[in-house]
Structure formats: structure tokens, C-alpha cells
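Down below is the structure, laid out as C-alpha cells.
We did not get these values from a lab; they are worked out from the coordinates using the rules stated. Please read all numbers here as calculations on a predicted model, not as lab measurements. With ideal geometry, Cβ positions are generated from the backbone for all residues, glycine too; neighbour counts draw on all protein chains shown.
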Amino acid sequence: MVPDGPDGGVMRAALLSDPVDGLDEALAAVDAFDRALVGGLLRPRPVQTAGLTELAEAVAGTPLASRAAEAAGRTEAGAAGEDDFIALAAARTALLGSVHDALVARIDEATGRTRGEQTAPAVPADRRTANLPAAARSWLSDLARAGWQGIDHELVSGAAQVVSAMLPDPALRRPATLLDGFAAELAASCPGAATERIPVRRWADLWSRAMLLTLPGAIEVPVSATATGRLLPLGVDVHEHATAAQAQVHAVFEPADGTAPRLVRAAVSAPKPDTVVEAGVWQLLRPHMALLAAVSEGRSMDLSGMPVTAEGDLIWNDEQARPGGPADAFATARVALAAAEVPAAAPLDRHPARIAEPVFLEGYTVREEGGTLRFEAAGHPVTVETDRAPAAGPLTPQAVRESSACIGLLRWDAGAFTVQPLAVETTVRRKTVAVHGGGWAGGTADKAGARAEKAATDAVRVLRERAGRLLRT
């Protein structure tokens, strides 16, 4: 189903549906703590204290054991402080990290890939802005005490001043953006007591991640090396929100020194008004990354000294890249993907929701039941997430249904592995045609794409004219 080596082996798809030892127990402990956060930790009730105890017991035997037990005890007594909430957030994050590690180990076993080892380098903290992260932790601690059912507009609005002070500082923009989005979600659900459906796992994820990202050194992403060689794009994953958009290019990098190829990512982000949607996002992103044009044209990129982190993220700079020769993504997937080494995830990025492993699938049968699409090979189905395909591209659910091969991202969601298509091969008039989700990234002559581009251009032009008039008045 998926080549796992240059000799043509196939992925052992059955392993993706087999249970993972200890996974259910770890997630149950996380869920117990998350339920405790719903009612708040100021005066926890017995059902909440049980959740705290379960979380502490789940990390027994680890370096966090004593600290988590102390924090759980003080929280159960209603005497928790900021340090206790940090310890509980760390225990929760460690449990989800163990789930992440077990899942990627299963992926490596199924595909035969090798994975790099993660190290956590010591990063000196910037004491000049230490007061702002401390203020953020204070607000997050107040949220934990109130719980999701206890939030109100006065409590949630307390984040605004902190976020406004953090955003201008590039070193703090990452946690500031997280806090800003988190506060916006909470504000939309105020008062919490009247909220019918609370996204328990999501808000606990955002809370614990924000708490840890405000710690000294946590937001630093040190560059570990530079990349010189050939970059072979596989596909583009588009993340679009009301006020921001990001394109993340997944690729195979072949070093010029002849060492083993490895998987890398290159991302570009831009703020946007909520009226710019679909193909319009490319107009915001293109000026910042020449790689998007290479993806559309089916070309490689030659890199020279491009900074890259240990996690495989290229710190993109157009001046350190130039267009290379033709590079068909499906040829790359068939020949080079299986042998590429996978970088290890950063410690705080070890979360099941962040799993996105490029894979190549072919020889499958497409089945659809109850609106759910699946690729099935040798009796082993994998659910296909067609709703993740970007609206800003030609990859449609119909193209996926009619496909014979697929480049996608293997993800884990709701207790099962799924595939998010990035590109597919399908047959049009007896010819095999490749359809890419990022096919319009660098511009297109495709009729549907040209119409979408024109509509987006008109919308962007109107917005720029209005903005210009506002600035002149």
C-alpha cells in the first residue's frame, strides 16, 4: 500500500489498526484531568480531586512524579499556586507526549522508516521580557481556578492587555498569538455557565500549552544546521483561519554532501482579513516564498546554506534558494520518500494532534459508506479526510474518489489513523493526471483557478483601496 524502501516493500497497513499498549490508559488520565478543569480548581469537588489523583498516578515513576503528586495534593486542598498549575500542565503534556511517541513508533514500524533522536538544548532565557510571560501565567492560573463553567467576560478580557504588550515583541509573538486565539474562543462562549457544549480536550490543550510556552526558554527554536542541496516538494498543507493563513510545504531534502535524504517542512504565514478566502490566500502568501511557485510548476529548489531546525523546519529565505529542474511529486514519493529520515518532534510539540507524516499510497480500493471515504488494501481500511483539502486548490473529494494513487499526511484523530490527501493521481480521458491541493499556489492557467484568482484579486483590490482611503483621512 505504501512503499517502505527502495526495493518496493509495502506498508504493513494492519499495524495502523492494531491497538497500542497503554494508549487508552494514558488518554483516560488526561480526560480525567480535563474534566476537572471544567468546574474549576479553586474548590474542587470529589469527582475533580479524583481526576487530579489519576493524573498524578499516571506519571508515577517518572521525573515528574513527586512534583505532580504535590501539586495534585495542594490543588485538592484548594491551595494551588502558579507553580502547581505549571506542574499539572507539564504532567498532562508529558502523558500526551507519551501517546505521540507510541503512535509515531507504530508509524515507523508500519512504514520501515528511521527517525532522528530529539535533544533538548539549553536555551538562555531573555530576562528583559520575563514580566510579560509571568502576567500571562497569572491569567491562565485564574482560568484554571474558575474553570470553563466559571468564565465570564471580565475574567477573559484580562488577557487583552497582556497580549497587546506581547505581540510587538517577535520573541513573544508565538505565545501571544496562542493566548489571543484562546481568549477569543473563551469570549465567544461567555458566560461559561450557559455554554451547552464545552470543547473540553481542546481548551485543556490550549491552556496547558500556553502555560508551558510562557516558561523561560520554551519558545526558542534554535537553528541546528544549514541545508545545502536539492529540495523535492511533495505537497502543500494549507491552514486557514478568519484572520490568518499558512501554507506548509512538505518535501524531501537531498543533501549535497550525499548523506541520507530527510523529510523537511517550509512554512509561510500571513495575516488576512476574513473576507479573503479560498484562492485569495495565495496572493497574500506568494510574495513571501518562491517555493510556492516551484510547487505549482512541478520543480525542485536548490538550497544553499538555508537554516534548518532539528525538527526539520526550514527557516525560509528566498535569497538562499533558486529554482531547480523538473521534479514530479509522485516520482519523488515513489523513489525517495520511503528512504527519507524523519526528524524527531520538539519536546513541546509531542502531541497526537500534531502528527502529520507524509506517506504514499497506491494499489487501494476506494470505498464510501455513510459519507465516509476509505482507502482499503488487503482488507485494511484507512479513513480519508477529504474535508482537509484546501478550498484554494483543484483537489476535490471527487478527484480523491476516482484516484489510483495518493500523496497524503498520515494523522491520528478520534482514536484512529487517517489520511489527509495532498495530491492524487486520477484518470481523465484515459490519461493519468496528477491533481495537487497546492496546484494554484504559484498561479494557474486552469479555468477554475483563473476564475477564483480573479474574484480574489477583485476582493483584495477593494480592501486595499478602502484601507488607503482610511489612511488618508
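Scan region 187-200 for residues that are touching a Gly at 6+ places or on another chain (Cβ under 8 Å) and either free of Cβ contacts under 8 Å to residues at least 40 places away in the same chain or outside any helix (DSSP H, G or I) (or both) and jot them down. Answer for region 187-200, where residues must be touching a Gly at 6+ places or on another chain (Cβ under 8 Å) and either free of Cβ contacts under 8 Å to residues at least 40 places away in the same chain or outside any helix (DSSP H, G or I) (or both): just I198. When the helices (runs of 4 or more DSSP H) confined to region 13-87 are screened for residues that are in contact with a Pro (Cβ under 8 Å, 6 or more places away or on another chain) and over 27 Å from I107 (Cβ atoms), those reaching at least 2 such residues are found at 65-76. Take V366 and tell me if it is part of a strand (DSSP E or B) and more than 26 Å from E341 (Cα to Cα). Answer is yes for this residue. Considering only residues in region 297-348 that are among the β-branched types (V, I, T) and crowded, with 18+ Cβ neighbours inside 10 Å, the one that is nearest to P255 (Cα to Cα) turns out to be V308.
If you go through region 263-293 and keep only what is closer than 11 Å to W440 by Cα and of a type outside the set (V, I, T), you end up with E278, A279, G280, W282, Q283, R286, L292, A293. For region 200-225, a residue qualifies if it is farther than 26 Å from D83 by Cβ and surrounded by 14 or more Cβ atoms within 10 Å (Cβ to Cβ), and exactly one does: S224.
Look at A218 and say whether it is touching a residue at least 40 places away in the same chain (Cβ under 8 Å), under 20 Å from the mean Cα position of the chain (by Cα), in a loop (DSSP other than H, G, I, E, B) and more than 30 Å from L337 (Cβ to Cβ). It is true that A218 is touching a residue at least 40 places away in the same chain (Cβ under 8 Å), under 20 Å from the mean Cα position of the chain (by Cα), in a loop (DSSP other than H, G, I, E, B) and more than 30 Å from L337 (Cβ to Cβ).
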